[in-house]
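To start, the structure itself, in structure tokens.
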Amino acid sequence: VQLQASGGGLVQAGGSLRLSCAASGSIGSMNYMGWYRQAPGKQRELVALMSNIGSTNYADSVKGRFTISRDNAKNTVYLQMNVLKPEDTAVYYCNGYYRGSNYWGKGTLVTVSS
């Protein structure tokens with residue numbers, strides 16, 4: 001499965017962006033789909049995760065502001081990001097997990113200006 005993230009860009013603090021992750025195969029079969037991010041000089045961290053039964057998990061720093069969703073018919077996962085903060089600036093990566101294997105797409109850069 002190949003994953004392609006898009007939707008990043010430059011936004012002012014308080015603004016919103018929606019990231020999309022298009023998969024070349026079925027995401028319905030994935031155990032988990034998620035979004036991670038890596039800020040300059042920092043390790044990659046989990047942002048949001050959704051299981052194949054729809055349960056979700058969020059990093060504390062984004063709870064209440066970010067929402068992960070999926071459209072299995074379109075094989076696409078979304079990350080709606082609201083009330084963006086400068087500390088949300090990072091490269092965002094889409095991830096799929098299936099039976100011990102991780103699939104990563106190329107990241108999309110999100111820059112939040114203050």
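The values are calculated or read from the model by the stated rules, or taken from the named source; none is laboratory data. Because the structure is predicted, anything quoted here is derived from the model rather than measured. So basically every Cβ, Gly included, is an ideal-geometry build from the backbone, and we count neighbours across all protein chains shown. Accessible surface is based on the protein model in full, side chains and every heavy atom, while ligands, DNA and RNA are left aside. Shrake-Rupley method; radii C 1.70, N 1.55, O 1.52, S 1.80 Å.
Per-residue answers, yes or no, for (1) polar (S, T, N, Q); (2) surrounded by fewer than 18 Cβ atoms within 10 Å (Cβ to Cβ); (3) closer than 13 Å to residue 5 by Cβ; (4) at pLDDT 95 or above:
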site	(1), (2), (3), (4)
39	no, yes, no, yes
53	no, yes, no, no
61	yes, yes, no, yes
79	no, no, yes, yes
90	no, no, yes, yes
106	no, yes, yes, no
query: Among strands (runs of 3 or more DSSP E) lying entirely in the range 1-43, which contain 3 or more residues that are of a type in the set (A, V, I, L, M)?
result: 17-23
- prompt: Can you pull out the residues in the range 66-103 that are under 14 Å from the mean Cα position of the chain (by Cα), over 19 Å from residue 56 (Cα atoms) and either of a type in the set (S, T, N, Q) or assigned to a strand (DSSP E or B) (or both)?
  reply: 89, 90, 91
task: Just name the residue that is nearest to the chain's Cα centre (by Cα) out of those in the range 1-13 that are of a type outside the set (Val, Ile, Thr) and open to solvent by less than 50 Å² (accessible area, probe 1.4 Å).
output: 5
From 112, 83, residue being of a type outside the set (S, T, N, Q), modelled with pLDDT of 95 or more and touching a helix residue (DSSP H, G or I) at 6+ places or on another chain (Cβ under 6 Å): 112
message: With the requirement that a residue be more than 21 Å from residue 1 (Cβ to Cβ) and either in contact with a Lys or Arg (Cβ under 9 Å, 6 or more places away or on another chain) or among the acidic types (Asp, Glu) (or both), what does the range 41-51 give you?
response: 45
query: Of the residues that sit in the range 14-25 and are at pLDDT 95 or above and not aliphatic (A, V, I, L, M), which one is farthest from the chain's Cα centre (by Cα)?
result: 14
